[in-house]
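Down below is the structure, laid out as structure tokens.
Taken together, the values in this text are just the output of simple stated rules run on the coordinates, not laboratory data. It should be emphasised that the depicted structure is a prediction, and the values quoted were computed from it without experimental measurement. All Cβ positions, even for glycine, are placed from backbone atoms using ideal geometry, and neighbour counts span all protein chains on display.
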Amino acid sequence: MTTSRIAVVGAGIGGLTAAVALARRGIECEVHERSAAPGGSGGGIQLSPNAMAVLHRLGVGPAPADAVRPQARELRRWRDDSLIGRVELGPDAERRFGAPYLTVRRAALSRALLAAAGPGSVRFGSRCVGLREDGDGVLLRFADGSQRRAGTVIGADGLHSIVRGAVHQDAVRYSGHTVYRAVLPAERAGRLASPPRVVVWLGPGRHCVTYPVDGGRSLNLVATAPEPAPPTAVREVAGSDLLAAYSGWHPVVRGLLAVAGRLDHHGLFDRPALPSWHRGRVVLLGDAAHPMLPFIAQGAAQAIEDADVLAAHLDEPGGPARYEAARRGRVEQVCAVARAGLRDLHLPDGPEQRARDAALAATDLSTFDWLYAGGHDPAARAAR
């Protein structure tokens, strides 16, 4: 039986960032990934400055040909496409927060992280099915019948984490909303393809988001809809099948759905807050510790921050507890804002919606100081 000092379960963005951050500190780890080969989601991701600040410190990031620096984020009305509010990104965000705001495919970021982690750092096709702590460390069991032992296990295996069960037993929580995702060629997007920006349409019960990826060659499309129960598995649907759910929406939005081709459809879930993110020699990060709804575009960013802070504390006495103490307050604030989006983004037209829109119209980059400065602020890092 092979023994490793640190085993990371899950080679998603959080797990790979942990591997890179540990390697930068001269700490070896072994990453176990259930997928048979590198790949990752073909969908897009928004990397806010707090995430990019960490990645820059680690000397890693998506290739320039893969990433886009959107000029702004625009919030628009569902029925008439009128502008509610606009927040400048681009050079303004980089000057204010010390790192850029990027949009990119998840797979492109995963490739960059995997290259930085080094050859042989990830064991693909290694699906963890259980673990047990004893006096000699943690024994991990895998689907092929093999076992491996580690001194410390980092659970980075996402929403449906196996490792989480060794810390606390609970169940995922359905939000009441599902999401449809697709990536389409930019030439199908018309005026939305240029200039590059993140565009969010807000409407009763649902919202729609687009932003460029693949260096601007493609457009990532995300649409939500309320449903009493989630699909039992991720499935593909035709964009035309979604038009009924967006009846009455502006032709720009309906046109995007119509040309999207096939969209992946799945439920949106999170979990209640854990009493602790660690137990014994097992510690959690990212969605395994605090899965959040995607309404603030911070799931991956918070996993990246987690990995950076955990790597900094792991070799210290009481390292997992110090990591959690440094991260928990911030993460709980982000999770609360994300969950509030279930209501705040989907208000029916009326007085509350108009008050929300007035507040959004007054929003600028300074509104996000609490969030986007968190990855690079020297005082915040010293406090850790």
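Values computed for the structure shown
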{"read-out": "5 angstrom amide H check on Arg123, placed H, neighbours 5+ away", "value": "Val31, His32, Glu33"}
{"read-out": "Calculated P(r) of the stretch 102-143 - Cα pairs past 12 Å, %", "value": "71 percent"}
{"read-out": "Other-chain or far-sequence residues with amide H under 5 Å of Ala11's (modelled H)", "value": "Arg34"}
{"read-out": "Descending principal axes extents, the stretch 130-238, alpha-carbon based, whole Å", "value": "62, 36, 22"}
{"read-out": "Simple label model, 7 Å out from Cα along Cβ direction - Arg25 to Ala37, nm", "value": "3.4 nm"}
{"read-out": "Ser366-Arg235 pseudo-label distance in nm [points 7 Å out on the Cα-to-Cβ vector]", "value": "5.0 nm"}
{"read-out": "For Arg279, residues with placed amide H under 5 Å, excluding near neighbours", "value": "none"}
{"read-out": "Karplus (6.51, -1.76, 1.60) ³J(HN,Hα), θ = phi - 60°, over the stretch 101-117, in Hz, Gly and Pro reported as x", "value": "9, 10, 10, 7, 6, 4, 4, 5, 5, 4, 4, 5, 5, 5, 5, 5, 5"}
{"read-out": "Overall dimensions of the stretch 15-86 by Cα: Rg and Dmax, Å", "value": "17.6, 55"}
{"read-out": "Convex hull per residue volume in Å³, alpha carbons only, for the stretch 98-169", "value": "167 Å³"}
{"read-out": "Volume per residue of the C-alpha convex hull in the stretch 1-56, rounded to whole Å³", "value": "95 Å³"}
{"read-out": "As computed over the stretch 179-334, the Cα convex hull volume per residue (Å³)", "value": "144 Å³"}
{"read-out": "Within the stretch 286-353: Cβ-based charge dipole about Cα centre, in debye rounded to nearest 20 (Lys, Arg +1; Asp, Glu -1)", "value": "120 debye"}
{"read-out": "Estimated dipole of the chain in Debye, rounded to 20 [Cβ of Lys and Arg +1, of Asp and Glu -1, Cα centre]", "value": "220 debye"}
{"read-out": "Order of Tyr174, Tyr372, Tyr246 under a 10 Å beta carbon neighbour criterion, fewest first", "value": "Tyr174, Tyr246, Tyr372"}
{"read-out": "Scattering curve values for the chain, log₁₀ I(q)/I(0), Debye with Cα scatterers, q = 0.11 Å⁻¹", "value": "-0.78"}
{"read-out": "Inter-probe distance in nm under a simple model that places probes 7 Å from Cα toward Cβ, at His168 and Ala115", "value": "3.9 nm"}
{"read-out": "Part-to-part distance (alpha-carbon centres) for the stretch 328-376 and the stretch 109-187, which is given in Å", "value": "30 Å"}
{"read-out": "Unit charges on C-beta of K, R, D, E only; dipole of the stretch 82-219, Debye", "value": "380 debye"}
{"read-out": "Derived scalar couplings ³J(HN,Hα) [the stretch 67-73; Karplus, 6.51 cos²θ - 1.76 cosθ + 1.60; whole Hz; x for Gly, Pro]", "value": "9, 10, 9, x, 6, 7, 10"}
{"read-out": "Listed residue (Cys208, Val172, Ser240) projecting farthest to the positive dipole end of the stretch 158-255, Cβ model", "value": "Cys208"}
{"read-out": "In order through the stretch 280-287: 3J(HN,Hα) via Karplus (6.51 cos²θ - 1.76 cosθ + 1.60), integer Hz, x for Gly, Pro", "value": "x, 9, 10, 9, 10, 9, x, 4"}
{"read-out": "Highest-MSF residue in the chain out of Pro100, Pro272, Pro317 [GNM, Cα springs under 10 Å]", "value": "Pro317"}
